[in-house]
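Participant: Below you will find the structure I want to go over with you.
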Amino acid sequence: MKLPRFVSSLFASALVSPAIFAADFSPAIIYDMGGKFDKSFNQSASDGTARFKKETGIEVREFEVTNAAQREQAMTRFAQRGAQIIVAIGFSQASAVEAVAKKFPNVKFAIIDGTVNLPNVQSINFREEQSSFLCGMAAALASKTGKVGFVGGMDIPLIRKFAQGYADGAKFVNPQAEVFQNMTGTTAAAWNDPTKGGELAKSQIGRGADVIFHASGNTGSGVMQAAKDAGKLSIGCDANQNYIHPGSVLTSAVKRVDVAVYKTIMDTKNGTWKGGSIVLGLAEDGIGYSLDEFNRKLITPAMEAKLNQAKADIISGKLKVAEYKVQ
Amino acid sequence: MSAPQKLPRWAELGLLPLINLAAALLLSGLVVKILGESPWAAFKLLASGAFGTQEGIGYTLYYATNFIFTGLGVAVAYHAGLFNIGCEGQAYIGGLGSGLIALWLGDRAPFFVVLPIAIVAGAAFGAAWALIPAWLQARRGSHIVITTIMFNFIAASLMTYLLVNVLIKPGQQSPESREFGPQAMLPAAHELFAKIGITFSPSPLNLAFAIALLASALVWVLVWRTRWGYALRVVGQNPSAAVYAGISPSRIIIQAMLLSGALAGGLGLNELLGSQHRILIDFPGGAGFVGIAVALMGRNHPIGILVSAVLFGALAQGGAQLAFDMPKINRDMVVVIQGLVILFCGALENVFRAPLALLFRAKGEK
Amino acid sequence: MDKHLSTPTPSSASPSVPALELRAIDKRFGSVHANRTVSFAVAPGSIHGLIGENGAGKSTLMNIVYGFHRADSGEIRVNGRSVEITSPQEAIAAGIGMVHQHFMLVENFTVLENVVLGVEGGALLAGGLARARTELERLARDYALDVPLDAVVSELPVGLQQRVEILKALYRGAQILILDEPTAVLTPQEADALFRMLRRLRDEGKSVVLVTHKLREIMAITDRVTVMRQGAIVAEVATATTSPRELAEKMVGRAVLLRVDKSLAQPGATLLAVRDLDVRDRLGVARVKGVSFDLRAGEIVGLAGVSGNGQSELLEALAGIRFPTRGSITLQNHDLIRERLDPRQRRALGLAHVPEDRLRMGVVANFSAEDNAILGYHDRATYNPGALLDRAAIRAACEGKMAAHDVRPPMPSLRISAFSGGNQQKLVLAREIDVDPRVLLIGQPTRGVDIGAIEFIHKKLVALRDAGKALLIVSVELDEILGLADRILVMNAGEIVGELLRADATEEKIGLMMAGIDSRAGFSPPTESGLKSALPQT
């Protein structure tokens, strides 16, 4: 399998993206402020790197930033130390990626949830509105009261994107459906406040909601607990969270950050990496709703049929899900 | 007796903090050891990361700049007997002031026009954010600690609203404004050095550091060399004596808080105009709270604040280096070290005072 | 007031073994030799006075006995047995109790809770409290120490708070009671009550050590007296065989003038006119009611009264610290009330003020002497030639004041709290006199000030009068009022109830007025209940 090094250096001059060998390959990943154990977005990325390590035995260098200035610093450091691919997790890193990628045109960069228009940057975005749409449909189908809830983390465009897709999905099934929306907070603490998440869920339940979707990182554990305690349903987010409360979590809006991270690193190693924008939706299996043994009983065959029909229609373009527009 | 023991001035200001710092590092070393890394190697990495390279020094001083501004803010309020927990929010709103000027004038006015206006706007916005808690304390007796904490939250909510709905650069996810025009960017240290022919590694260190030094000097003059500073200290030390002397404590409280907020507002110069070149969410990043520790350790004196700000800057930069090169030591470890430094220099300040005083007494009697 | 105090009689208890004996106690603080081989003994069932100027080493000695400090060498014996005392707990165990000048009580606890604090006896408070209540009721009966056990301490007058401290010591089984300057915070009436209590304790066989610098207290109540100067004992005598003059000379080390020497006043024009002044406190309670008087050039007016009858509030209203609800204060054709002038503006009109409570108001304890010497005058042009303070001018001015008023040590950069009370007061006085005011308001001119300094301050005040100033002196020491004032106003319950020229004033007449009994209505002597009702009902 291995080629002598001189062969590879021969190829290097000829090919745009030559394959890289294990001994030389040094990928790097930079998590954002949430930290890689946030049980959500960053952790999903961490799972992707773990899978890569496990399969190839190659170390992935990691760094968790604690302030804005460290993003550029860490990226520069990794680039200087010979990383071939640097994966930046989270939209906050977009400006740092732009600055550093310009300085190191020979290093590859990937940004998750953000867009940087440079040839050596791969911008990976997800169609969260599509998975949210399906979850909204599932919520409306499962709801007996016609009232469903949404608990967001921090009030930012990304989370509004979730909220809008969810509401649209619920209204698609039941135009009279009422959708309650609450954001947990306005600081980064909103991603890690299960107590407040639980309170918001309880208040929505009090107003009649019987299915609640969270897009709020670790705050969601409080949301899901409150729904379970009240005998209502919840919907998980990012990772497949069905297992957390079997029989109470209706489904999860899955976002395969792990797959995206794994793929961009693996592609680099294999020499198949390309810059540019990648949008992962239902069609690409980058997002979806989860169905497993933990929620099998909650999703009736009739519901599943409707959800699958909608999924097929969205993929085919027959059903258009509105994108959240940032002003 | 119960009164704190007296130490020679040099020991009080130099030796005692050093001993406290050493104790904190020693304990941190123990934690590093438990994690299975060599404490000595970790310490060397920390030190060389902070001071070993030009880039490291640049980052250290860049962080220190934030801490100087907030540390001075906390100290000025402290001299009036006030515990201003709200520097975080004041820095946040102050940065908004500077940032708005930068967005507005950054590409239509020359630098030497933009800078002073941005400084004034940052100070004014920061001061304005301190005004309401100050007024509530001075006139209504509402406790400043409570009100300033609440104003931190209000600042965060306001800034999120503005960044998500108003200031956001169209068509992007991240709640941050567009980039400032070139005339609103403070020159970086390596650019300034390059102009006089010195090569310095690139880092975010910028002109704001010099402004922070200037602010320190001004605070010193104001607090210790003017009648206003005299009145400020009388109010802080003994409000009854202030009333007796014809100084109005409530007026001084409001003025001190305005100055405190204005100084905290300076953080925006470093963080936004100096480094990020845009307004972004949560840019103070806790520097307002670190400022409390910096002021505490620096005995609320500008020179002490400079020293402890550099120390905390070194911990931030050296800690990043540590996390970078020692994968077992993650960023939380840096927070642990910072916490230990605060614990030993603040809460446990008197632990080493008594033995030290005994030592000096024994020496004095020989 | 002397007549209220019976002549002390030596106790009949066996004098063979002293209750407390100190042998060759030696203590240094750095370069300060606080106690130089001090030895003295306290007989059981006696009141022993320990007298000396501030800084003579009295407090250090007593703190060694109570375990706050450790002696470098020497021995403490209790009832003839040598004891090792390294902490207050061990002192208490040895039967020694101490009442400090500044009380060590938890203000928002009740009396009962304060007494049992630290000796609650068991995890559950209720049982201990019930036992303590029975025991305290017994102690109160035996020693006539009546205290409302369930009252919150902060609501008690100072005299009662002190009683709580004594109860605390007795409850812990004290046989030897040390009192450090116990009368510094008391009115004369409260002091008398304290002395009655101490005699009772002595008669019950307890030993009392009274640390003070007030000669009249020593003469009135002690059986023996030990005099300290500069860390050493200079005399120990039976009180009956000595005189105040002799004791004072031994304390100071030279002849002391105990009486104020002054000529007859030559009052001139009215400098300050007060009319119909009403002052309310923060809760809206009237403290000063319809007070009117004049201060004239070249006279000292003494304001006498039991503490808490409105003198403090009146003084603060005159100085501009409180705003009256009604009335007028006229100075130099300005109505200070109508124009709402603050203390700074009043200073500019020539009104100087030495506050009653020096540490609370008159100085900033953490500031240097020179910074304290400009308090209230810090924005004057002398110290502010431009935008900045002129540190050199401030230092020079302070040096000048220190020299002129014999402030020791003459070190402007030294923290004010390192100076003795007398030297602090001299510096405060210097600060207020130095600007050449027309009117001087002086509260408690010699509170916490040692004898040598008292003499100096009294002389200064008389000199100011002779220089044509108008002085108003508020003092709880009737002797001081009688010694200094040319005219005496007596306050009771917020009103001026009497005015006497010095020549017509006697201690008895003033005492009756202070108690709120009109001297013209009849000559019934002031009763205990009459005095109590004169105390503020807080």
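The values are calculated or read from the model by the stated rules, or taken from the named source; none is laboratory data. No experiment lies behind these values; they were computed from the predicted model shown. With ideal geometry, Cβ positions are generated from the backbone for all residues, glycine too; neighbour counts draw on all protein chains shown.
Participant: Name the pairs: first residue in the stretch A:294-321 and over 15 Å from A:L282 (Cα atoms), second residue assigned to a helix (DSSP H, G or I), Cβ to Cβ under 6 Å, at least 6 apart or on different chains?
Facilitator: Correct list of pairs: A:M303/A:L141.
Participant: Inside the stretch C:438-460, can you point out the residues that are more than 19 Å from the chain's Cα centre (by Cα) and surrounded by 21 or more Cβ atoms within 10 Å (Cβ to Cβ)?
Facilitator: Initial filter on the stretch C:438-460 (more than 19 Å from the chain's Cα centre (by Cα)): C:438-440, C:459-460.
Listed by number, the residues that qualify are C:V439, C:L440.
Participant: Would you confirm, using the coordinates I've provided, whether C:A317 is in a helix (DSSP H, G or I), more than 10 Å from chain B (Cβ to nearest Cβ) and closer than 30 Å to C:G494 by Cα? Outline the logic, then answer.
Facilitator: On the way: in a helix (DSSP H, G or I): yes; more than 10 Å from chain B (Cβ to nearest Cβ): yes; closer than 30 Å to C:G494 by Cα: yes.
Taking the combined requirement at face value, the residue satisfies it.
Participant: Every residue in the stretch A:218-249 that is touching a residue at least 40 places away in the same chain (Cβ under 8 Å) and of a type in the set (V, I, T), please.
Facilitator: A:T219, A:V223, A:I235, A:V249
Participant: Sticking with this structure for a sec: Looking at B:G313, B:G339 in this structure, which one is within 12 Å of another protein chain (Cβ to nearest Cβ) and within 19 Å of the chain's Cα centre (by Cα)?
Facilitator: Details: B:G339 fails: within 12 Å of another protein chain (Cβ to nearest Cβ).
After applying the criteria, what remains is B:G313.
Participant: Another question about this same structure. Can you tell me which of (1) in contact with a helix residue (DSSP H, G or I) (Cβ under 7 Å, 6 or more places away or on another chain); (2) more than 14 Å from every other protein chain (Cβ to nearest Cβ); (3) surrounded by 20 or more Cβ atoms within 10 Å (Cβ to Cβ); (4) among the acidic types (D, E) is the one A:D168 doesn't meet?
Facilitator: So A:D168 meets the others, but not (3).
Participant: How do the helices (runs of 4 or more DSSP H) wholly within the stretch C:385-471 filter down when requiring 2 or more residues that are closer than 25 Å to C:E313 by Cα and within 14 Å of chain B (Cβ to nearest Cβ): which remain?
Facilitator: On the way: elements: C:391-404, C:421-434, C:451-466.
Because the criterion is at least 2 residues that are closer than 25 Å to C:E313 by Cα and within 14 Å of chain B (Cβ to nearest Cβ), the helices (runs of 4 or more DSSP H) in the stretch C:385-471 that meet it are C:421-434.
Participant: How many residues does the stretch B:151-201 hold that are assigned to a helix (DSSP H, G or I) and at the interface with another protein chain (Cβ under 10 Å from one of its Cβ atoms)? Break it down stepwise before answering.
Facilitator: First, the residues of the stretch B:151-201 that are assigned to a helix (DSSP H, G or I): B:151-166, B:182-184, B:189-195.
If we keep only those that are at the interface with another protein chain (Cβ under 10 Å from one of its Cβ atoms) as well, we get B:152-161, B:163-166.
Qualifying residue count, the stretch B:151-201: 14.
Participant: Looking at the stretch B:178-186, can you tell me whether even one residue there is over 23 Å from the mean Cα position of the chain (by Cα) and buried (at least 21 other Cβ atoms within 10 Å of the Cβ)? Please lay out each step first, then the result.
Facilitator: To start, the set of residues in the stretch B:178-186 that are over 23 Å from the mean Cα position of the chain (by Cα) comprises B:178-183.
Retained after the next criterion (residues that are buried (at least 21 other Cβ atoms within 10 Å of the Cβ)): B:180.
Yes - at least one qualifying residue is present in the stretch B:178-186.
Participant: Something else: Among the residues in the stretch B:54-63, are any more than 15 Å from B:L267 (Cβ to Cβ), modelled with pLDDT of 90 or more and not in a helix (DSSP H, G or I)?
Facilitator: No, the conditions are met nowhere in the stretch B:54-63.
Participant: For the stretch A:79-102, give me each residue that is buried (at least 21 other Cβ atoms within 10 Å of the Cβ) and either facing chain B (nearest Cβ under 9 Å) or over 19 Å from A:L118 (Cβ atoms) (or both). Before you say what the answer is, go through the steps one by one.
Facilitator: Going residue by residue through the stretch A:79-102, those that are buried (at least 21 other Cβ atoms within 10 Å of the Cβ) are A:83, A:85-97, A:100-101.
Residues satisfying the conditions are A:G90, A:F91, A:S92, A:Q93, A:A94, A:S95.
Participant: Based on what the data block shows, is A:L141 surrounded by fewer than 24 Cβ atoms within 10 Å (Cβ to Cβ), touching a Lys or Arg at 6+ places or on another chain (Cβ under 7 Å) and in the same structural domain as A:P175 (by TED's automatic domain parsing)?
Facilitator: On the way: surrounded by fewer than 24 Cβ atoms within 10 Å (Cβ to Cβ): yes; touching a Lys or Arg at 6+ places or on another chain (Cβ under 7 Å): yes; in the same structural domain as A:P175 (by TED's automatic domain parsing): yes.
Yes; evaluated as a whole, the condition is true for this residue.
Participant: If you don't mind, there's one more thing I want to ask. Considering only the stretch A:243-252, state which residues are closer than 10 Å to A:R296 by Cα and not small (G, A, S). Can you show your working first?
Facilitator: Going residue by residue through the stretch A:243-252, those that are closer than 10 Å to A:R296 by Cα are A:246-247, A:250-251.
Matches in the stretch A:243-252: A:P246, A:L250, A:T251.
Participant: Quickly run through the stretch B:222-235 and pick out the residues that are over 25 Å from C:V354 (Cβ atoms) and either more than 7 Å from chain C (Cβ to nearest Cβ) or small (G, A, S) (or both).
Facilitator: Taking the stretch B:222-235 first, the residues over 25 Å from C:V354 (Cβ atoms) are B:222-226, B:228-229.
Matches in the stretch B:222-235: B:L222, B:V223, B:W224, B:W228, B:G229.
Residue-by-condition table, conditions (1) at pLDDT below 90; (2) within 26 Å of B:H79 (Cβ to Cβ); (3) in the same structural domain as C:M513 (by TED's automatic domain parsing):
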site	(1), (2), (3)
C:I321	no, yes, yes
C:G327	no, no, yes
C:H334	no, no, yes
C:R391	no, yes, no
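Participant: Taking the condition in contact with a His (Cβ under 9 Å, 6 or more places away or on another chain) and either of a type in the set (V, I, T) or within 23 Å of C:I96 (Cβ to Cβ) (or both), does C:D192 pass?
Facilitator: Details: in contact with a His (Cβ under 9 Å, 6 or more places away or on another chain): yes; either of a type in the set (V, I, T) or within 23 Å of C:I96 (Cβ to Cβ) (or both): no.
No; evaluated as a whole, the condition is false for this residue.
Participant: Further, regarding this structure: List the residue pairs whose Cβ atoms are under 7 Å apart, where the first residue sits in the stretch B:317-339 and is over 14 Å from B:K33 (Cβ atoms), the second is among the polar types (S, T, N, Q) and surrounded by fewer than 22 Cβ atoms within 10 Å (Cβ to Cβ), and the two are 6 or more positions apart or on different chains.
Facilitator: Cβ pairs passing all conditions: B:A323/B:N330; B:R331/A:T66.
Participant: Pick from A:T219, A:T251, A:T300, A:T272: which is within 30 Å of A:P105 (Cβ to Cβ) and among the hydroxyl-bearing types (S, T, Y)? Steps first, please.
Facilitator: Numbers: A:T219 fails: within 30 Å of A:P105 (Cβ to Cβ); A:T251 fails: within 30 Å of A:P105 (Cβ to Cβ); A:T300 fails: within 30 Å of A:P105 (Cβ to Cβ).
One residue alone meets the criteria, A:T272.
Participant: Now for a different question. Quick check on my filter: what residues within the stretch B:236-281 are more than 26 Å from B:A155 (Cβ to Cβ), within 11 Å of chain C (Cβ to nearest Cβ) and in a helix (DSSP H, G or I)?
Facilitator: Within the stretch B:236-281, the subset more than 26 Å from B:A155 (Cβ to Cβ) is B:237-249.
After this cut, where a residue has to be within 11 Å of chain C (Cβ to nearest Cβ) as well, the list is B:237-248.
Across the stretch B:236-281, the qualifying residues are B:Q237, B:P239, B:S240, B:A241, B:A242, B:V243, B:Y244.
Participant: A further question on this structure: Can you name every one of the strands (runs of 3 or more DSSP E) wholly within the stretch C:24-123 that holds 2 or more residues which are of a type in the set (S, T, N, Q)?
Facilitator: In the stretch C:24-123, C:32-42 are the strands (runs of 3 or more DSSP E) which contain 2 or more residues that are of a type in the set (S, T, N, Q).
Participant: Show me the helices (runs of 4 or more DSSP H) entirely contained within the stretch A:218-327 in which 3 or more residues are within 21 Å of the chain's Cα centre (by Cα) and within 30 Å of B:L162 (Cα to Cα).
Facilitator: Values: elements: A:220-229, A:257-270, A:301-316.
Output list reads A:220-229.
Participant: Among the listed residues C:S529, C:S519, identify the single one that is touching a helix residue (DSSP H, G or I) at 6+ places or on another chain (Cβ under 6 Å), over 21 Å from C:V279 (Cβ atoms), of a type in the set (S, T, Y) and at pLDDT below 75.
Facilitator: On the way: C:S529 fails: touching a helix residue (DSSP H, G or I) at 6+ places or on another chain (Cβ under 6 Å).
Of C:S529, C:S519, the one residue that is touching a helix residue (DSSP H, G or I) at 6+ places or on another chain (Cβ under 6 Å), over 21 Å from C:V279 (Cβ atoms), of a type in the set (S, T, Y) and at pLDDT below 75 is C:S519.
Participant: Something else about it: Kindly list the number of the only condition in (1) of a type in the set (D, E); (2) under 20 Å from B:Y62 (Cβ atoms); (3) in a loop (DSSP other than H, G, I, E, B) that fails for A:E72.
Facilitator: Unmet for A:E72, out of (1) of a type in the set (D, E); (2) under 20 Å from B:Y62 (Cβ atoms); (3) in a loop (DSSP other than H, G, I, E, B): (3).
Participant: Right, here's the next one. Evaluate the stretch C:483-498: report whether one residue or more is at pLDDT below 75 and outside the structural domain of C:A404 (by TED's automatic domain parsing).
Facilitator: First pass over the stretch C:483-498, keeping only residues at pLDDT below 75: none.
There is no residue in the stretch C:483-498 that is at pLDDT below 75 and outside the structural domain of C:A404 (by TED's automatic domain parsing).
Participant: If I filter the stretch B:202-217 for residues that are polar (S, T, N, Q), touching a helix residue (DSSP H, G or I) at 6+ places or on another chain (Cβ under 7 Å), within 12 Å of chain A (Cβ to nearest Cβ) and part of a loop (DSSP other than H, G, I, E, B), do I get at least one hit? Before the answer, list the steps.
Facilitator: First, pick out the residues of the stretch B:202-217 that are polar (S, T, N, Q): B:203, B:206, B:216.
Still in the running and touching a helix residue (DSSP H, G or I) at 6+ places or on another chain (Cβ under 7 Å): B:203, B:206, B:216.
Within this subset, residues satisfying the condition of being within 12 Å of chain A (Cβ to nearest Cβ) are B:203, B:206.
Those left that are additionally part of a loop (DSSP other than H, G, I, E, B): B:203.
Scanning the stretch B:202-217 turns up at least one residue that is polar (S, T, N, Q), touching a helix residue (DSSP H, G or I) at 6+ places or on another chain (Cβ under 7 Å), within 12 Å of chain A (Cβ to nearest Cβ) and part of a loop (DSSP other than H, G, I, E, B).
Participant: Would you say A:V121 is in contact (Cβ under 8 Å) with a residue 40 or more places away in the chain and away from chain B (no Cβ under 11 Å)? Let's see the steps before the verdict.
Facilitator: On the way: in contact (Cβ under 8 Å) with a residue 40 or more places away in the chain: yes; away from chain B (no Cβ under 11 Å): yes.
Spelling it out, A:V121 is indeed in contact (Cβ under 8 Å) with a residue 40 or more places away in the chain and away from chain B (no Cβ under 11 Å).
Participant: Take the stretch C:352-377 and flag every residue that is farther than 24 Å from C:A396 by Cα and either outside any helix (DSSP H, G or I) or touching a Leu at 6+ places or on another chain (Cβ under 8 Å) (or both).
Facilitator: C:P355, C:E356, C:D357
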